[in-house]
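Here's the structure we're looking at; comments come further down.
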Amino acid sequence: MNSNGFANKHLSVSRLRRFESCPLSFKLHYVDQLKAEPNDALRFGSLLHAVLERLYRWVVDEEFAGRIEEARALEVYREEWQRSGLSGFAVFQEGVDILHAYLGEHGEVDHRNVLAVEQEFRLPAGAFEVLGYIDRVDRIDDETIAIIDYKTNRLIFTRDEVDSDFQLTVYLMAARQLWPWAAKVRLVFHLLRHGIQMETERTEAQVEAARDYIIALGRQTEAAIDYPARLNANCSYCDHRNQCPAYRDAVAGRVEVVRSSPDDLEAVAREREQVAHLAKILYARKAELEEVLKAQLEGRDTLELAGVVYQMSRATQASYPVGPTLAVLEELAGLAPDRARDRLLVVDKGRLDALVKDLARNMNRAKHRMLKAHLDAVAEKTVVPRFYAKEVR
Ligand code: SF4
């Protein structure tokens with residue numbers, strides 16, 4: 001207990017997030033101090049973070065300007081791989097591919113533009129101090145910096161998730177403290193698997209709300225007596241799931257779901273969330289079990305266990321290059337290329353967005369905006385109903 005009466009005056013973003021997502025996970029980790037067992041997804045994220053940290057530290061230490069050589073990056077990658085505890089060629093190769101794509105796009109660096117790597121910050125919030133680390137901070141110009149947070153998620157964040165992410169708000173507060181000259185702070189999630197950056201900003205109201213939230217959550221962590229398990233969509237990634245009775249019960253199908261009446265909408269929503277979390281936990285467990293079976297199938301054609309035959313099969317996916325396909329249709333079916341093009345071709349939005357982004361480098365802002373507006377005007381849009389669920393604090 002310190003002079004403020006708090007056992008932990010120092011909070012960290014990860015500490016707050018852990019308590020917020022599941023008090024039991026917080027207890028197992030910080031109170032009981034049990035050994036965490038990160039799963040492969042977490043290890044893979046840590047591996048890529050470590051590689052990029054070492055590369056950018058080298059850039060700063062050596063005052064390097066130029067293109068980071070892929071051979072250097074791979075050497076660092078191999079060393080970090082050995083420490084990661086990961087195994088499996090497919091995962092190894094995935095990391096190599098991500099690194100290759102990263103260097104292709106961002107390999108040209110100048111140490112003068114790298115302000116910080118794994119920057120520690122200590123942010124006062126009421127009686128607490130939030131301790132954290134920012135992956136990288138770049139200097140953009142005399143009044144702008146970019147806070148870069150690497151992510152290795154498989155799913156791309158929604159715009160709403162990026163615009164309301166608590167961690168990025170805390171980073172903004174820290175950046176204002178550390179680099180007060182920066183009038184503009186860009187907040188960037190760099191999604192390494194997808195090779196895209198998602199940028200966002202914050203209003204003053206969001207910053208103030210985050211400060212209040214830190215204080216409230218900090219007090220909650222101090223006052224906690226019970227630490228209930230909160231089964232959630234991320235339980236399968238939890239580094240204490242093997243020590244958690246609630247997770248064990250969920251995987252064994254021993255969780256009781258109270259069937260709600262359609263007249264009680266609160267209960268319907270509660271049941272829906274509970275079932276959604278359980279489904280995700282079970283689905284992730286199914287994937288884990290399949291990985292074990294797939295590894296056994298590497299050296300044989302089939303595996304017969306518990307009355308089921310398992311085997312790997314190859315599914316062929318065909319794609320048709322535009323030119324030769326239209327030529328065949330014209331030659332053998334007499335279909336004019338214009339008519340065939342209208343019937344068959346649709347431009348993929350993701351690829352178009354990537355192309356427009358590339359083109360933007362050689363365009364002024366006004367022309368780029370006009371290009372986007374014209375493309376938007378020719379787009380054929382369909383509105384599909386989408387069920388959306390997001391937890392609110
Ligand atoms: S597995 Fe889920 S419920 Fe259990 S401690 Fe982890 S987050 Fe909490």
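Listed values, structure above:
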read-out	value
Residue in the range 211-226 that is within 10 Å of the ligand (Cβ to nearest atom) and surrounded by 14 or more Cβ atoms within 10 Å (Cβ to Cβ) present	no
Among residues of the range 292-339, those that are part of a loop (DSSP other than H, G, I, E, B) and either out of contact with any helix residue (DSSP H, G or I) (no Cβ under 7 Å at 6 or more places or on another chain) or closer than 26 Å to Gly253 by Cα (or both), counted	14
Candidate set: the range 239-263, residues that are more than 13 Å from His277 (Cα to Cα) and hydrophobic (A, V, I, L, M, F, W, C); chosen: the one nearest to the ligand (Cβ to nearest atom)	Cys244
Considering residues of the range 229-238 that are crowded, with 18+ Cβ neighbours inside 10 Å and not in a loop (DSSP other than H, G, I, E, B) only, the residue farthest from the ligand (Cβ to nearest atom)	Ser236
Of all residues making up the range 248-269, the number that are closer than 15 Å to Ala233 by Cβ, in a helix (DSSP H, G or I) and of a type outside the set (Gly, Ala, Ser)	1
Only one of Val384, Val356 that is in a helix (DSSP H, G or I) and β-branched (Val, Ile, Thr)	Val356
Residue count, the range 223-255 (criterion: aliphatic (A, V, I, L, M) and either over 27 Å from Val392 (Cβ atoms) or touching a Phe, Trp or Tyr at 6+ places or on another chain (Cβ under 6 Å) (or both))	2
Tally, over the range 239-273, of residues that are under 27 Å from Arg43 (Cα atoms) and in contact with a Ser or Thr (Cβ under 6 Å, 6 or more places away or on another chain)	1
Subset tally (residues that are over 13 Å from Gly253 (Cα atoms), within 14 Å of the ligand (Cβ to nearest atom) and aliphatic (A, V, I, L, M)) for the range 277-291	1
Options Gly253, Gly299, Gly307: the member that is among the small types (Gly, Ala, Ser) and closer than 27 Å to Val91 by Cα	Gly299
Test for Gly104: is it surrounded by fewer than 15 Cβ atoms within 10 Å (Cβ to Cβ), within 18 Å of Leu192 (Cβ to Cβ) and more than 19 Å from the chain's Cα centre (by Cα)	yes
Residue match in the range 302-316 (condition: away from the ligand (no atom under 16 Å from the Cβ), more than 30 Å from Leu86 (Cα to Cα) and modelled with pLDDT of 90 or more)	yes
Failed item in (1) surrounded by 12 or more Cβ atoms within 10 Å (Cβ to Cβ); (2) assigned to a loop (DSSP other than H, G, I, E, B), with Leu282 passing the rest	(2)
Glu63 being among the charged types (D, E, K, R), at positive phi and more than 21 Å from the chain's Cα centre (by Cα)	yes
Qualifying position, being outside the structural domain of Thr169 (by TED's automatic domain parsing) and β-branched (Val, Ile, Thr), among Val51, Val76, Val13	Val13
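Quick grid of which residues meet (1) over 15 Å from the mean Cα position of the chain (by Cα); (2) under 30 Å from Val31 (Cα atoms); (3) not acidic (Asp, Glu):
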residue	(1), (2), (3)
Phe121	yes, yes, yes
Arg154	no, no, yes
Arg159	no, no, yes
His190	no, no, yes
Ala209	yes, yes, yes
Asp212	yes, yes, no
Ala224	yes, yes, yes
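The values are calculated or read from the model by the stated rules, or taken from the named source; none is laboratory data. It should be emphasised that the depicted structure is a prediction, and the values quoted were computed from it without experimental measurement. Positions of Cβ are backbone-derived with ideal geometry, glycine not excepted, and every protein chain shown enters the neighbour counts.
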